[in-house]
1. If I filter region 330-349 down to residues being in a loop (DSSP other than H, G, I, E, B) and within 15 Å of Met319 (Cα to Cα), which single residue comes out as modelled with the lowest pLDDT?
2. May I ask you to list the residues in region 191-211 that are closer than 17 Å to Ala356 by Cβ and surrounded by fewer than 24 Cβ atoms within 10 Å (Cβ to Cβ)?
3. Name the single residue that is nearest to Thr62 (Cα to Cα) among those in region 11-43 being assigned to a loop (DSSP other than H, G, I, E, B) and over 27 Å from the mean Cα position of the chain (by Cα).
4. For region 60-71, which residues satisfy the criterion of being within 19 Å of Met15 (Cα to Cα) and open to solvent by less than 60 Å² (accessible area, probe 1.4 Å)?
5. Do you know which of the residues in region 291-328 that are part of a loop (DSSP other than H, G, I, E, B) and among the hydroxyl-bearing types (Ser, Thr, Tyr) is nearest to Phe178 (Cα to Cα)?
6. Only one of (1) in a loop (DSSP other than H, G, I, E, B); (2) at pLDDT below 90; (3) under 16 Å from Ser350 (Cα atoms) is not met by Val176, so which one is it?
7. Which numbered condition trips up Val201, out of (1) in contact (Cβ under 8 Å) with a residue 12 or more places away in the chain; (2) of a type in the set (A, V, I, L, M); (3) in contact with a helix residue (DSSP H, G or I) (Cβ under 9 Å, 6 or more places away or on another chain)?
8. Being open to solvent by 50 Å² or more (accessible area, probe 1.4 Å) and small (Gly, Ala, Ser) is the filter here, so list the residues in region 312-349 that pass it.
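The values are calculated or read from the model by the stated rules, or taken from the named source; none is laboratory data. Predicted, not measured: the structure shown is a model, and the values here were computed from it. FYI the Cβ positions are ideal-geometry reconstructions off the backbone, even for glycines, and counts take in every protein chain you see. Keep in mind that these areas ignore ligands, DNA and RNA; they rest on the heavy atoms of the full protein, side chains included. Shrake-Rupley method; radii C 1.70, N 1.55, O 1.52, S 1.80 Å.
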Amino acid sequence: MCLFRFEEHDIFLPMIVLEELDGHKKGMTEVARNARQASRTLDALAGAVGADIGAGLRLDTTGHRDAGGKLFFQTQPLNYAPLQPAAGQGGQPDPGRRARAARTAARARGGAGVQGHQHARQGARAGMPGSPRSAARPRCFSTLKDFNHLKNAVWGVTTRNREQNFAMNLLMDPEVDFVTLTGTAGSGKTLMALASGLSQVLDERRYTAIIMTRATVSVGEDIGFLPGTEEEKMGPWMGALDDNLEFLAKGDGGNAGEWGRAATSELIRSRIKIKSMNFMRGRTFLNKYVIIDEAQNLTPKQMKTLITRAGPGTKIICMGNLAQIDTPYLTEGSSGLTYAVDKFKGWPHSGHITLARGERSRLADFASEVL
């Protein structure tokens, strides 16, 4: 759809773009689907009434009224030898694709760098390396607290790398209302969110409770007629919560003996409310610390439904791993988590961090790489 996003400007497609596009049409990947859709889009432009490829195809002929420019194809060879990469660096056009691209150009097929455009958008969503704020409107912390040091531990948790430290600063900042965390399994998303939530609920009394929910694959459907409360029904989905609570209770009551740890665990659980997503609509959360786990499985509409539940004094943390989308209807590009990161990146009261490294164990790290 980027063809229609340049307002009054004209677009010029060189031959090599058509060649590259032609090479990505086959298969069932997201890139292949985008390439085929771009071809259909250009077919529609070329088939519009009065279309003249030589004079340029008007981009508003298929209903996109904001596109006031024209689309031009390369019809003459360009002298771009000075721009060619040095020997051995690749980048040379593939002769096999050139013939197909020539036919494609003749039929006004092809598209505007779908793969490159998609990667650019994913790069924009991937976060701000080295900065806990959006690159769109830079706003730096006056003092970046060092949560790597034991003296600044949050509920017994210290950060282990730079990205985790940025994330903890966002999680503990009262001026930040919306935080998104993406990263592989074991990168510390759930543990940091819970630790900072407990610190701000029990120690600082900034929020009254932690609301935790998880995007299950059956999100939006009934959680069933099995006996039990809402929290008991959600129990099987919340294994990660139990694992992290065990760690946090152990860390906080380490010198208090078995009774002390049991009391700490009970105190923690009394302030954490587990909610099913299909009970969220129509509710408003006041002064709550809301954690949405597995957010990569949400659609943009579901994400909007959840975020708009926030009342005064509420903070929302969305976490997920875009490489582990469980629902067959979503991709990395269409996930509600991706959508939220993209839409919030210009707002000064939000922040996004991509946690690049897993911190579970050398076994888990190696398995993530090779399996």
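1. Step one: filter region 330-349 for residues in a loop (DSSP other than H, G, I, E, B), giving 330-335, 345-349.
From what's left, within 15 Å of Met319 (Cα to Cα): 332, 335.
On the way: Glu332: 91, Ser335: 95.
Only one residue fits best here, namely Glu332.
2. Leu191 - this is the single residue of region 191-211 that is closer than 17 Å to Ala356 by Cβ and surrounded by fewer than 24 Cβ atoms within 10 Å (Cβ to Cβ).
3. First pass over region 11-43, keeping only residues assigned to a loop (DSSP other than H, G, I, E, B): 14, 23-29.
If we keep only those that are over 27 Å from the mean Cα position of the chain (by Cα) as well, we get 14, 23.
Working: Pro14: 22, Gly23: 26 Å.
In this case the residue turns out to be Pro14.
4. Leu71 - this is the single residue of region 60-71 that is within 19 Å of Met15 (Cα to Cα) and open to solvent by less than 60 Å² (accessible area, probe 1.4 Å).
5. Filtering region 291-328 for residues part of a loop (DSSP other than H, G, I, E, B) gives 294, 298-299, 308-309, 311-314, 321-328.
Still in the running and among the hydroxyl-bearing types (Ser, Thr, Tyr): 299, 308, 314, 327.
Details: Thr299: 18, Thr308: 11, Thr314: 9, Thr327: 24 Å.
The selected residue is Thr314.
6. (2)
7. With respect to (1) in contact (Cβ under 8 Å) with a residue 12 or more places away in the chain; (2) of a type in the set (A, V, I, L, M); (3) in contact with a helix residue (DSSP H, G or I) (Cβ under 9 Å, 6 or more places away or on another chain), Val201 is out only on (3).
8. Once the filter is applied, which keeps residues that are open to solvent by 50 Å² or more (accessible area, probe 1.4 Å) and small (Gly, Ala, Ser), region 312-349 yields only Ala323.
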